[in-house]
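Chemist: Let me give you the structure first, and then I'll get to my questions.
Derivation of every value follows stated rules applied to the coordinates shown; laboratory data play no part. Please read all numbers here as calculations on a predicted model, not as lab measurements. Quick reminder, even Gly has a Cβ in these numbers, built from the backbone with ideal geometry, and neighbours come from all protein chains shown.
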Amino acid sequence: MNFDWSVIWTHRSALLEGAALTVGLTVLTMLLAVPGGIVLALMRLSSNKLARSASLAFVEFFRNLPLILVIYWAFYVMPMAFNVQFSPITTALVALVLNVSAYNAETFRAGINSIRKGQMEAALAIGMSRRQAMFKVVIPQAARRILPVIASTWVSLFKDTSLVSVIAVGELAYTAMQIRAQTFRVLEMLTAMAALYWLMGYPQAKLVDWIHRKYGVKE
Amino acid sequence: MEFDFSPIADNWRFFAGGLGVTVALSIISAVTSILAGLFIALLRLYGPGWLRPVLVFYIDSMRAIPVLVVLVWIYFAVPLITGMSFPPFWAALLALTLHIAAYAAEVIRAGIESIRPGQTRAALALGMSRAQLLRKVLLPQATIRMLPAFGSILTIAIKDTAIATVIAVPELMHRAETVAGQSYRPVEVFTAVMLAYFCILFPVTRLVDRLYQRVAHMGRS
């Protein structure tokens, strides 16, 4: 058996572009899914019954589906529902944001609920409005507890972006598998793909451990 | 816009078979992952010192690499090195176990470490061997605390089996792709399959939530 590892070097620019898109997708999804999660969490905690049940239904639905299925579904349903063709990247972004927003909503809700009731009551007692009490007292405290969980979600999201390769978004997994199909260098390309994910993911996993040690809630 | 759900009705046996594969693959891989995770956790806690960095490296690597990458690597690359190839189902089982066992190992290690050291000292003072200590004192208490986490591992396994479609394991997701392609009714097919997945996963996550509430106060020493 002979392996030709030079194929990785010849395709380095394509692989690096794929890796860049993987990182870009992760960043963009998180930028959209954090506000999305906050909105869903506030809806869930609001006194409006309709908002509460809408948020609950959304969160439970998307938390209980395999992401790869949501990606396929968005790919076929979005063009039909809106009568416009979306680019694969837009579709991928929508699917990822739907999924991660649902997880973030639970994280934010749990974080806000973990702040003792007395804090809210005290803020109201000194004359703050509910909105002020929420944004000036509760959320800043909850943020510290939420950070480690968001960091874990970040790493999961980074890995999950590989799934959008099924709708031909040219990120790292898709690029590597395309080169594999063109060059027939299966072992070399798949190993390069795994190594690149490892190189990017390993420091992130370690960073998350550090954040958990520094900020994690200790009983 | 017209919907035609007849491809689902016409192929219900095909889908039911896929559902069976999904359920079988996810339950088997959850069980093998928990067993492998237990083995890894015990080796990490009580095994020889040189083994610890190796296991930590394995666990952290699995946290860094997507399950998709592990799946295609096991299925396409391993046969090239070893000269022996697995059928898709077994390749998926191997890859999922390899991936999820790392999480299970962390859960089990945390579960064992959460038992107060006083329990260990008391057991050793009574003259128990290390094996007895584990079997009679630590694992029974830790298992109760870990039950909800084992449930989460099952939900992860169910969701991850859908990714096994990329190596053509004939589970529900893969059969949905097949029927969607043949019938030109992807919207109806994927929507129906989405509901099917939700119906499997939702009861499991509810059960996990209930377990967390039930078990939260138990075994707290």
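Chemist: Can you pull the mean other chain C-beta count within 10 Å for peptide A:67-74?
Modeler: Mean shielding by partner chains, rounded to a whole number: 6.
Chemist: Another question, if that's okay. Report, in listed order, any pair from A:Lys159/B:Lys159; A:Lys49/B:Lys159; A:Lys49/A:Lys117 with a Cα-Cα distance greater than 23 Å.
Modeler: Too far apart for the 23 Å limit: A:Lys49/B:Lys159.
Chemist: In peptide B:55-66, what is the residue-averaged number of other protein chain Cβ atoms found within 10 Å of each Cβ?
Modeler: 6
Chemist: For helix B:139-161, report the angle its Cα long axis makes with the longest principal axis of the Cα atoms of chain B; keep it between 0 and 90° and round to the nearest 10°.
Modeler: 20
Chemist: Across peptide B:190-200, how many C-beta atoms of other chains are within 10 Å of each residue C-beta, on average?
Modeler: 4
Chemist: Kirkwood hydrodynamic radius (Cα pairs, Å) of chain A?
Modeler: 19.5
Chemist: OK, next. In sequence order, what are the phi-derived ³J(HN,Hα) couplings for the range A:73-81 according to the Karplus relation 6.51 cos²θ - 1.76 cosθ + 1.60 with θ = phi - 60°, rounded to whole Hz, with x for glycine and proline?
Modeler: Taking θ as phi minus 60°, the curve returns 4, 4, 4, 9, 7, 4, x, 6, 5 Hz for the range A:73-81.
Chemist: In the calculated pair distance distribution of the range B:7-125, what percentage of Cα-Cα distances lie above 16 Å?
Modeler: It works out to 70 percent of all Cα pairs.
Chemist: Please give the Cα centre distance for the range A:93-107 versus the range B:1-39, rounded to the nearest Å.
Modeler: 24
Chemist: Taking a quarter of the surface of the Cα convex hull of the protein assembly as shown, what do you get in nm²?
Modeler: Directional mean of the projected Cα hull area for the protein assembly as shown stands at 25.4 nm².
Chemist: If you don't mind, there's one more thing I want to ask. If you wrap a convex hull around the Cα atoms of the range B:127-183, how much volume per residue is inside, in Å³?
Modeler: Roughly 92 Å³ of hull volume per residue.
Chemist: For the range B:72-219, what's the relative contact order in percent, using C-alpha pairs closer than 8 Å and at least 6 residues apart?
Modeler: Rounded, it is 26 percent for the range B:72-219.
Chemist: Let me ask something else about it. So what's the back-of-envelope 222 nm ellipticity for chain B, counting only DSSP H runs of four-plus at -39500 (n - 2.57) apiece and dividing by all residues, rounded to 500?
Modeler: -25000 deg cm²/dmol
Chemist: Could you run the Karplus curve 6.51 cos²θ - 1.76 cosθ + 1.60 with θ = phi - 60° over the range A:103-113 and give me ³J(HN,Hα) per residue in whole Hz, x for Gly and Pro?
Modeler: Those phi angles translate into 5, 4, 4, 5, 4, 5, 4, 4, x, 5, 5 Hz.
Chemist: Still on this model: In nm, give the distance between the simple-model label positions of B:Leu80 and A:Thr183, each being 7 Å from the Cα along the Cα-to-Cβ direction.
Modeler: Spacing of the two 7 Å Cα→Cβ label points: 1.0 nm.
Chemist: Follow-up. Taking chain B, how much of its Cα-Cα pair set, in percent, is spaced more than 23 angstrom apart?
Modeler: Of the Cα pairs, 57 percent sit more than 23 Å apart.
Chemist: How far is helix B:186-215 tilted off the main Cα axis of chain B, in degrees rounded to 10, range 0 to 90?
Modeler: On a 0 to 90 degree scale, this one is about 20.
Chemist: Could you work out the helix-only [θ] at 222 nm for chain A, with each DSSP H run of four or more residues adding -39,500 (n - 2.57) and the total divided by the number of residues, to the nearest 500 deg cm²/dmol?
Modeler: Helix-only estimate at 222 nm: -26500 deg cm²/dmol.
Chemist: Go through B:Val21, B:Ala102, B:Leu68 and say which Cα lies farthest out towards the positive end of the charge dipole of chain B; charges sit on Cβ, +1 for Lys and Arg, -1 for Asp and Glu.
Modeler: So the residue we want is B:Ala102.
Chemist: Using just the Cα positions, wrap the range A:112-158 in a convex hull and report its mean projected area in square nanometres, one decimal place.
Modeler: 3.5
Chemist: Applying 1/(1 + (r/R0)^6) with R0 = 51 Å to the Cβ-Cβ distance of B:Arg135 and A:Leu16, what FRET efficiency is obtained, to the nearest 0.05?
Modeler: In this case the efficiency is close to 0.50.
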